[in-house]
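J.: A single structure is presented below for examination.
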Amino acid sequence: MSCVLSKSQEETVALGARLGRLLQPGDFVALVGDLGAGKTQFAKGVALGLEVDPETPVTSPTYTILNIYDGRIPLYHFDLYRLEGAHDVEALGFDEYFSGDGACVVEWAERLEEDLPADLLTVTLNHAGADERSVCFEASGPRARVLAETVLA
């Protein structure tokens, strides 16, 4: 696992944008962290990197669970906070998006338990001060390794 320190919300968004520029269909990014750790700010950056219209508000889909944004490729932005576990995702049919024609960014991805894809990039955000965040990247497959190494280069 490799970590960087983001000193502001803008730096967190910029880091997400670096990743977004690299994403391809089928990529899966798991966002992990406490409430207010910066997961949605990172997702906003990913949307910018995927060329989602900057006028489009990117918000956490806490109640809708999934927001779809049109960009260079579709961005499937999930927030699984309100779900009990992987069986809820399966019942809603969201797993079809996980290997579809777009990239998935999933807040509270740990709720998927054993249903997480084998090749995924986990981005963990933690408070490191008032405006600072520790942003850690952990790859669990060859594609995710390329993403992590490129973002951190």
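Quick note: the coordinates plus some simple rules give every number you see, no bench work behind them. Here the structure is a predicted model, which means the values were calculated and not measured. So basically every Cβ, Gly included, is an ideal-geometry build from the backbone, and we count neighbours across all protein chains shown.
J.: Which are the unpartnered cysteines of the chain, meaning those with no other cysteine Cβ under 4.7 Å from their Cβ?
T.: Within the chain, the cysteines lacking a partner Cβ under 4.7 Å are C104.
J.: Taking 7 Å along the Cα-to-C-beta vector as the label spot, tell me the Q9-S99 distance in nanometres, rounded to one decimal.
T.: Between Q9 and S99, the label points sit 3.8 nm apart.
J.: Here's a follow-up. Of Y69, Y63, how do they rank once you tally other Cβ atoms within 10 Å and put the fewest first?
T.: Ordered from fewest to most neighbouring Cβ atoms within 10 Å, Y69, Y63 come out as Y63, Y69.
J.: Okay, moving on. Using only the alpha-carbon atoms, how far is helix 39-49 inclined from the longest principal axis of the chain? Give it as 0 to 90 degrees, nearest 10.
T.: Relative to the chain, helix 39-49 is tipped by roughly 90 degrees.
J.: If you don't mind, there's one more thing I want to ask. Can you tell me the length gained on complete extension of the stretch R145 to Y63, counting 0.36 nm per residue apart and subtracting the Cα distance?
T.: 26.3 nm is the gain from fully extending R145 to Y63.
J.: If you don't mind, there's one more thing I want to ask. For the pair E114/L152, report the inter-label distance in nm, with labels modelled 7 Å from Cα in the Cβ direction.
T.: 2.9
J.: I've got another one for you. On a 0 to 90° scale, report how tilted helix 9-20 is relative to the longest principal axis of the chain, with both axes built from alpha carbons and the result rounded to the nearest 10.
T.: Roughly 60 degrees, rounded to the nearest 10.
J.: Rounded to the nearest 5, what % of the DSSP beta bridges within the chain are antiparallel ones? List each step's numbers first, then the result.
T.: On the way: 16 of 29 bridges.
If I count the DSSP bridges inside the chain, around 55 percent turn out antiparallel.
J.: Just E96, E107, E11 to compare: in a GNM of the chain, with alpha carbon springs under 10 Å, which one fluctuates most?
T.: E96
J.: Just rank V135, V146, V13, V46, fewest to most, by other beta-carbon atoms within 10 angstrom.
T.: By the 10 Å Cβ count, ascending: V146, V13, V135, V46.
J.: Using the count of nearby Cβ atoms within 10 Å as a rough guide to exposure, how do K39, K7 rank from fewest to most?
T.: Listing K39, K7 from fewest to most nearby Cβ atoms yields K7, K39.
J.: What net charge is computed for the residues neighbouring R72, neighbours being all others with C-beta under 13 Å from the C-beta of R72, Lys and Arg scored +1, Asp and Glu -1?
T.: -4
J.: Counting only Cα, what are the radius of gyration and maximum Cα-Cα distance Dmax of the chain, in Å?
T.: 14.0, 39
J.: A further question follows. What's the center-to-center distance, using Cα atoms, between segment 127-153 and segment 24-71 in Å?
T.: Between the Cα centre of segment 127-153 and that of segment 24-71, the gap is 16 Å.
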